[in-house]
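Beneath this line is the structure, given in structure tokens, with notes to follow.
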Amino acid sequence: MSEDSLEGDLEAQIESLGYELVELERVGTKARPILRIRVDRAGTTPGDGVTVEECGKVSRALEAYLDVAEGISEKYLLEVSSPGVERPIRRRAEFERFVGWPVAVKLHRSYENRGKRLEGDLCGVSGEGSEETIRLKLDDGTEIDVPRAEIARANLVFRWDKKG
């Protein structure tokens with residue numbers, strides 16, 4: 001089973017339970033794959049997320065699916081958890097949902113001589129497809145638009161003095 005196919009199938013299973021797939025990480029070996037899945041309640045913000053009991057519910061449901069899924073070794077290991085307060089941000093809808101929250105963005109290469117890691121408040125998303133950009137207000141007050149294609153990874157940043 002391809003990674004995209006598996007992710008799509010797991011996402012559908014998770015959504016049918018009333019949750020959202022935040023991230024799927026596949027590690028381990030082909031003979032002993034490890035599936036690390038981060039889930040959340042749909043539309044929530046950090047602090048309002050899933051409980052340990054809810055992660056257990058999702059895990060049991062996914063085990064029933066994975067036990068009969070083709071292309072997954074029967075010796076798989078499944079880990080289901082909350083994304084935490086510094087949750088990854090991957091989809092456009094998530095970038096839109098967390099406007100106003102502090103984020104860290106890891107880039108594929110240095111951007112405008114600012115390095116490969118940027119941190120600031122998420123101001124918005126604009127454009128479509130290859131023209132999509134993420135607007136950040138950096139700690140020095142500068143606002144910049146970062147092409148989404150340049151972002152390798154983004155996540156919320158927990159700050160004691162702010163809402164995120």
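The values are calculated or read from the model by the stated rules, or taken from the named source; none is laboratory data. Everything quoted here is computed from the prediction, not taken from an experiment. Note that we place each Cβ from the backbone using ideal geometry, even for glycine, and neighbour counts take in every protein chain shown. To get the accessible areas, we keep the full protein, side chains included, count just its heavy atoms, and leave off ligands, DNA and RNA. Shrake-Rupley method; radii C 1.70, N 1.55, O 1.52, S 1.80 Å.
Restricting region 64-96 to residues that are of a type in the set (Lys, Arg) and loosely packed, with under 15 Cβ neighbours inside 10 Å leaves a set whose member that is farthest from the chain's Cα centre (by Cα) is LYS75.
Here LEU24 clears all of (1) surrounded by 13 or more Cβ atoms within 10 Å (Cβ to Cβ); (2) in contact with a Pro (Cβ under 8 Å, 6 or more places away or on another chain); (3) of a type outside the set (D, E, K, R) except the condition numbered (2).
Scan region 107-119 for residues that are without any contact (Cβ under 8 Å) to a residue 40 or more places away in the chain, within 28 Å of ARG38 (Cα to Cα) and over 18 Å from the mean Cα position of the chain (by Cα) and jot them down.
LYS116
Screening GLY84 against (1) within 30 Å of GLY127 (Cα to Cα); (2) part of a helix (DSSP H, G or I) leaves a single unmet condition, (2).
You will find that of LEU21, LEU6, the residue that is modelled with pLDDT of 90 or more and farther than 26 Å from THR142 by Cβ is LEU21 and no other.
Does at least one position in region 53-63 carry a residue that is open to solvent by 40 Å² or more (accessible area, probe 1.4 Å) and of a type in the set (Gly, Ala, Ser)? No - not one qualifying residue is present in region 53-63.
Within region 145-159, residues that are outside any strand (DSSP E or B) sit with their Cβ atoms under 6 Å from residues that are among the aliphatic types (A, V, I, L, M) and open to solvent by 30 Å² or more (accessible area, probe 1.4 Å), at 6+ positions apart or across chains, in these pairs: PHE158/VAL85. Remark: pairs (first residue in region 18-37, small (Gly, Ala, Ser); second residue part of a loop (DSSP other than H, G, I, E, B); Cβ separation under 6 Å; 6+ apart in sequence or on different chains) = ALA31/SER73. Inspect all residues belonging to region 125-145 and state whether any of them is within 20 Å of the chain's Cα centre (by Cα), of a type outside the set (D, E, K, R), under 19 Å from GLY43 (Cα atoms) and at pLDDT 95 or above. Scanning region 125-145, I find at least one residue that is within 20 Å of the chain's Cα centre (by Cα), of a type outside the set (D, E, K, R), under 19 Å from GLY43 (Cα atoms) and at pLDDT 95 or above, so the answer is yes.
Taking the criterion of being in a loop (DSSP other than H, G, I, E, B), of a type outside the set (D, E, K, R) and surrounded by 13 or more Cβ atoms within 10 Å (Cβ to Cβ), the only residue of region 105-126 that qualifies is TYR111.
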